[in-house]
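Asker: My structure is below; once you've seen it, I'll send some questions.
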Amino acid sequence: MDIAATPEWAALTQHHAAVARTHLRDLFDDDPGRAAAFTATGADLVLDYSKHRITGETMGLLTALARAAGLPERTDAMFAGEHINTSEDRAVLHTALRAPRATALAVDAQDVIDDVHEVLDRMGAFTDAVRSGEWLGHTGQRIRAVVNIGIGGSDLGPVMAYEALRDFARRDLQMRFVSNVDPTDLTEALLDLDPATTLFVVSSKTFTTQETLTNARAARAWLVGALHDEAAVARHFVAVSTNATEVEAFGIDAANMFGFWDWVGGRYSVDSAIGLSLMLAIGRERFAEFLAGMHAMDRHFRDAPLEQNLPVIAGLLNIWYVDFFGAETHAVLPYSQYLHRLPAYLQQLTMESNGKSVHEDGTPVTTMTGEIFWGEPGTNGQHAFYQLIHQGTRLIPCDFIGFAEPNHVRSVEGTTDMHDLFMANLFAQTSALAFGKTAEEIAAEGTPPELVPHKVMPGNRPSSTILARRLTPSVLGQLIAFYEHVTFVQGTIWGIDSFDQWGVELGKVLARQLGPTLTDPSPDLSALDSSTAALVARYREWRGR
Ligand code: F6P
């Protein structure tokens, strides 16, 4: 089905023409109950979406669009394990990774919940052993540092969640994350580590990813070179993967492998065994809370009516801006330094999922799809790029994320009042974006006339505010699941497969082909385009080849 050909889409196009002329100032003036009407709660998250360029009618029309796209049916199909990843013929079951032990769910005749909890139990036992000092390195010393080697979903989820939950992490266990095949990444990570007390977690769904295996081989060479014994690998390397054959071929014992399944997409995998480094940092109990938070948001998404459903509302608002206002980007602005990697994490989640231009059946889409996600924590962003959001020519919907209570249990003297100041900035920004400041207001302050146009704040810039009491493992899990389902809602409306990623394959193939042209004594550059051939030739010259 082409969603743009439906009467629901046409109704929204018509409605947009009227709403686009309306200012948020007027919408708020006209309805004192607006904030309450456009605030929804799901698990422990509160979403205030009143500062969006919508009316009650807009939300009704968007919800009708969701029904026309079959959102409720597709949601049920996802939770039931149907093969909704059509181009790879796979189930999409990240929700099963956080389902309680008692849940019954068989997929392709296999009890997936049993499988999930069997791995979680093994991860938990391993985590306890490492954290208690029972698991010893090859020379009999306890583990003091964990290095996760992985890329994409096998890195971004663990590192983002670890950074977010540092307050809950063991401070005497150093955590490092190596992803880039740029040798500086591994080098910097290992510089001050002692091989005898370092544990590597090699995380790769496929265990064929060039960057990860290259880094893992280099790490193994570093370890074996220092401990002078190949046997050391068994005490210092564990693997997280779906590919037991490749793990064993690398030299990691199957007993030290934690598995997951093809129905877990890489960018949806932080709650699978890919979360092992996170579990090592925060412990199995906190990891269980993290999963429970995700499950709470899953239940909300599956059960709440569309009109009160946080991921549905947020996903539909994104559709509204991308497809009717022509917005190209979406800013994510966490007011929590702990969430500083959230925008990077969301870039993979949203853009690898919804960066598609054909429908599930291969026909071209007729609407714009996935927007560009980006962002930085506030207040830093305020002193960098917010200027463009406030006064530039582009419409950039923003998500502001904040917490009532500061995290740090070990508070530093002098920081007591800082959190209030911090949050005052969040509230002030959403208000300035929505309501701005008129030329009349600025002139009335005695501003010289020639400066008035420069100081006008147009306002009418939309934002959501997501609030929770505190950034706990559960709340982080809720936030992640929230964004997973927002991504799903958008993909469903657009009729695309949000769970494949064919677009990254060509680059991988070409990099493999190009490798030898950089190092061979006499390479054949004739097959390369003239630009690439010239760049390769210059690189070789500078490398003295
Ligand atoms: O970039 C493509 C991709 O397949 C991502 O989807 C994935 O998260 C990443 O590579 C890493 O893959 P793997 O976990 O198999 O090493």
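The values are calculated or read from the model by the stated rules, or taken from the named source; none is laboratory data. Please read these numbers as outputs of a predicted model, since none were measured by experiment. Ideal geometry is used to build each Cβ from the backbone, glycine not excepted, and the neighbour counts take in all protein chains shown.
Asker: Is there a residue in region 180-187 that is surrounded by fewer than 14 Cβ atoms within 10 Å (Cβ to Cβ), within 22 Å of the chain's Cα centre (by Cα), within 16 Å of the ligand (Cβ to nearest atom) and at pLDDT 95 or above?
Answerer: yes
Asker: Can you confirm whether region 154-173 contains a residue that is modelled with pLDDT of 95 or more, touching an Asp or Glu at 6+ places or on another chain (Cβ under 9 Å), surrounded by fewer than 22 Cβ atoms within 10 Å (Cβ to Cβ) and not hydrophobic (A, V, I, L, M, F, W, C)?
Answerer: no
Asker: Return the residues of region 276-308 that are within 30 Å of Ala145 (Cα to Cα) and either without any contact (Cβ under 8 Å) to a residue 60 or more places away in the chain or of a type in the set (Gly, Ala, Ser) (or both); say none if nothing qualifies.
Answerer: Ser277, Ala281, Gly283, Glu285, Ala288, Ala292, Gly293, listed by residue number.
Asker: Next up: Residues that are touching a residue at least 24 places away in the same chain (Cβ under 8 Å), part of a loop (DSSP other than H, G, I, E, B), over 18 Å from Arg235 (Cα atoms) and not charged (D, E, K, R): does region 144-154 have at least one?
Answerer: Yes; the residues of region 144-154 include at least one that is touching a residue at least 24 places away in the same chain (Cβ under 8 Å), part of a loop (DSSP other than H, G, I, E, B), over 18 Å from Arg235 (Cα atoms) and not charged (D, E, K, R).
Asker: Testing His138 on (1) buried (at least 16 other Cβ atoms within 10 Å of the Cβ); (2) more than 15 Å from the ligand (Cβ to nearest atom); (3) not in a loop (DSSP other than H, G, I, E, B), one condition comes back false. Which one is that?
Answerer: Every condition holds for His138 apart from (3).
Asker: Related question: What number of residues within region 81-95 satisfy the criterion of being touching a residue at least 24 places away in the same chain (Cβ under 8 Å) and under 25 Å from His117 (Cα atoms)?
Answerer: Of the residues in region 81-95, 9 are touching a residue at least 24 places away in the same chain (Cβ under 8 Å) and under 25 Å from His117 (Cα atoms).
Asker: Does region 188-210 hold any residues that are of a type in the set (Val, Ile, Thr), within 16 Å of the ligand (Cβ to nearest atom) and in contact with a strand residue (DSSP E or B) (Cβ under 6 Å, 6 or more places away or on another chain), and which are they?
Answerer: Val201, Val202
Asker: Search region 506-535 for residues that are not assigned by the TED database to the domain that holds Leu213 and pair each with any residue that is of a type in the set (Asp, Glu) when their beta-carbon atoms are under 8 Å apart and the residues are at least 6 apart or on different chains.
Answerer: Thr517/Asp524
Asker: Being within 11 Å of the ligand (Cβ to nearest atom), within 26 Å of Leu510 (Cβ to Cβ) and touching a Lys or Arg at 6+ places or on another chain (Cβ under 8 Å) narrows it down to one residue among Leu156, Leu213; which is it?
Answerer: Leu156
Asker: How do the helices (runs of 4 or more DSSP H) wholly within region 232-343 filter down when requiring 3 or more residues that are more than 16 Å from the ligand (Cβ to nearest atom) and modelled with pLDDT of 95 or more: which remain?
Answerer: It comes to 233-236, 276-282, 284-303, 310-319.
Asker: In addition: I want to confirm something. Restricting to region 227-252 and keeping residues that are in contact (Cβ under 8 Å) with a residue 40 or more places away in the chain and acidic (Asp, Glu), which single residue is surrounded by the fewest Cβ atoms within 10 Å (Cβ to Cβ)?
Answerer: Asp229
Asker: Starting from region 35-50, take each residue that is in contact (Cβ under 8 Å) with a residue 12 or more places away in the chain and hydroxyl-bearing (Ser, Thr, Tyr) and list its partners that are part of a strand (DSSP E or B) and buried (at least 22 other Cβ atoms within 10 Å of the Cβ), counting only C-beta distances under 6 angstrom and pairs at least six apart or across chains.
Answerer: If the second residue must be part of a strand (DSSP E or B) and buried (at least 22 other Cβ atoms within 10 Å of the Cβ), the pairs left are Tyr49/Ser464.
Asker: Hey, another quick one. Please specify each residue of region 385-421 satisfying the condition of being more than 24 Å from the chain's Cα centre (by Cα), farther than 24 Å from Ala327 by Cβ and surrounded by 14 or more Cβ atoms within 10 Å (Cβ to Cβ).
Answerer: Answer for region 385-421, where residues must be more than 24 Å from the chain's Cα centre (by Cα), farther than 24 Å from Ala327 by Cβ and surrounded by 14 or more Cβ atoms within 10 Å (Cβ to Cβ): just His419.
Asker: Follow-up question, since we're still on this one. Quick check on this structure: which one of Arg144, Arg170, Arg98, Arg131 is touching a strand residue (DSSP E or B) at 6+ places or on another chain (Cβ under 9 Å) and away from the ligand (no atom under 16 Å from the Cβ)?
Answerer: Being touching a strand residue (DSSP E or B) at 6+ places or on another chain (Cβ under 9 Å) and away from the ligand (no atom under 16 Å from the Cβ) holds for just one of Arg144, Arg170, Arg98, Arg131, which is Arg144.
Asker: Now for a different question. Filter region 490-510 for residues that are assigned to a helix (DSSP H, G or I) and within 12 Å of the ligand (Cβ to nearest atom) and give the result.
Answerer: Trp502, Gly503, Val504, Glu505, Leu506, Gly507, Lys508
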